[in-house]
Structures are given as structure tokens and as C-alpha cells.
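Input: a single structure, listed below in C-alpha cells.
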Amino acid sequence: MTMEQTFELSPQDELRVDVTRVGTGGYPVVIVDNFYRRPEAVRAFALGLPFGSARALYPGVDAFCKADTRHFYDRIEDLCNPVFPVPMRLEKPYLPDEYVFSIITQPLDQFLPAQRVPHTDPWRLAAVLYLNPPEQCRGGTGIYRHRSTGLEWFPGSNPAARRPAYAESISKLIDGGRGWQQIRRAMEEQKVDTMEALTRLIYAEAKEQPAPIRGSTPQWELLLEVPMKFNRLVLYPGCLFHAGHAEEGWFGEELATRRLTQNIFICWPKI
């Protein structure tokens, strides 16, 4: 089977698309079932790749495959542009030229404090595509609000993403600026002067989370849980607080029984 056949997408009329808006910001979460035409072939292809490299704080390893992704991201654009205030058109250097697959390998009882609580990604959009067969599907992805600050959205944990100008520009792209207004209000209410200080405040209680989060806690309110389902794509603003939901014993230690996802991170220039 060729690469083109393996990664062929389902026809538009075979997709099941649901757009759910969450939080006071009305952030869109796009849920797409039947994304790939041959999901079993995509899964087999992914499991045949060499997994090895790891992202910061991701509790597992990634595998990469160089590919012509134009058709893939054309579909992502078609799904996203009706629900975001600024449309995107991915061109080089913003058009990814590879597929990224991930498996979780780190035991849940060895998660670091920062891995146990919701996080954000410094990208305009993020997506996860579930590739476990139906009998292995458990848990899913949760979207959260930080209770004490009221924040549902934060531009990311790295220093570049915490620059006010960067945060404001992302907010205008994904929510018309409402998220940045929420951040400014939270900084005033919490009496902090910088984004770095606000970051420390948000994650100050991470050590009190004894296990990876799966639902509301005194610090975090679960706004939405999207169940894991084979061949389901879940797409959302990367800056929403989110967490993968899993419990000990749900997935195995052999490659074929680990939690397998395709991960998508999207950045595009201001238009």
C-alpha cells in the first residue's frame, strides 16, 4: 500500500463532525469521527515506525514520518476556518512536512507534578487523533478551567509564549481577544505584574495533585471530556488548559497495547 493510500482521508460526507463550545470564552472544540478512510492501515504504519525522541514533559516517546501533508492540512483548514475568527491558510514554513505519532510509556505513578495537572501548548491549534482499536479505547481528553484565576486559556509555558504581545496576538486569532482580556483581569485580581508570576501562581499547587488529573478537583474545573474513540480527531486551541485522561492498567506495556495517538500542532501567521 502506498503512503497516499495509507493516509487517505474519508470523504467529506462520511465524516461525523461536532463543534462544542466551552467556557466563558466559547472556545471551539471540533470532534471529527471517521477521519481516515483506512485507520487500521494508519495504525499499522505508525506502530512500524521507530519511537524514540521525547518532548519536554510528555510522558512518552514520539515517532516521525516525512510526508506530503497538503491534503491532510487542507482538511484541517476546512474544519477550522468556519469556527475561528481569523481563517488560516497553511503554507511553508508553517505547513508541517511530517506526521507525528506518540505513545505513553511513563507509568502514571511516576508522573512529575507538572504532568499531573492540565497544561497548555504554545500553538494556535492542537489536535489529537486516537489510533487505539475500539476494545482498547478508554479515557480521552479533558478541557479545564483554573478555579482561582478563572482562566480557561493561557499562551503556554515557555518564555517566548509568555510575552504579552505574543499572547495578545494569539488571543486575537482564536477568540477575538477575549482570552487576553481574561489574563489581564486575572493579573489584576491576583496582584501579579508579569506573565511569569501568573504562571507560577497557576501551577503552585501542582504538587498537591497526587495522580494524573481525571475530572474536577479543588484547583481545576472540568469543562468538557471528549471520550477516546478509534479514528476520532479532537481539535482545539492549543492554549486551552487540557489533559489526557488515563488510569493505571488501562493500557499495556507492549507496543500494540500502549496508548497511541497522532499529534498535530499548528501555527500560522497573522493574516
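Points worth noting:
- Sequence of M187, M1 once ranked by neighbouring C-beta atoms within 10 Å, starting from the fewest: M1, M187
- Sequence of Y27, Y73 once ranked by neighbouring C-beta atoms within 10 Å, starting from the fewest: Y73, Y27
- Under the convention that each Lys and Arg Cβ holds +1 and each Asp and Glu Cβ holds -1, the size of the dipole of the chain around its Cα centre is about 580 debye.
- Dividing the helix sum by the residues of the chain, where each DSSP H run of 4 or more adds -39500 (n - 2.57), gives a mean residue ellipticity at 222 nm of -6000 deg cm²/dmol.
- Highest-first arrangement of 232-238, 78-84, where packing means the average Cβ count within 10 Å: 232-238, 78-84
- Option label - Rg and Dmax of the Cα atoms in Å computed here, alternatives (1) 18.2, 59; (2) 31.5, 100; (3) 42.5, 182: (1)
- Ascending count of other beta-carbon atoms within 10 Å, so fewest first, for D97, D13, D175, D62: D13, D97, D62, D175
- Top positive-direction residue, dipole computed over the chain with Cβ charges, set L198, G142, A63: L198
- Only Cα pairs under 8 Å and 6+ residues apart enter the sum, and on that basis the relative contact order of region 114-221 stands at 39 percent.
- Options L260, A41, L173, ranked by Cα towards positive dipole end of the chain, top entry (Cβ charges): L173
- Between L57, L47, L173, the residue with the greatest mean-square fluctuation in the GNM of the chain (Cα pairs under 10 Å linked by springs) is L57.
- Between the Cα long axis of helix 178-190 and the first principal axis of the chain there is an angle of about 40°, rounded to the nearest 10.
- Taking region 60-142 and dividing mean pair separation by its residue count, relative contact order in percent (alpha carbons under 8 Å, at least six apart): 37 percent
- Calculated FRET value between Y166 and D62, using beta carbons and R₀ = 22 Å, to 0.05: 0.30
- For the chain, the longest principal axis of the Cα atoms and the long axis of helix 70-80 meet at an angle of about 40 degrees.
- When both region 180-243 and region 50-69 are represented by their alpha-carbon centers, they are found 24 Å apart.
Only the coordinates and a few stated rules stand behind these numbers; no lab work does. These figures come from a predicted structure and were not determined experimentally. FYI the Cβ positions are ideal-geometry reconstructions off the backbone, even for glycines, and counts take in every protein chain you see.
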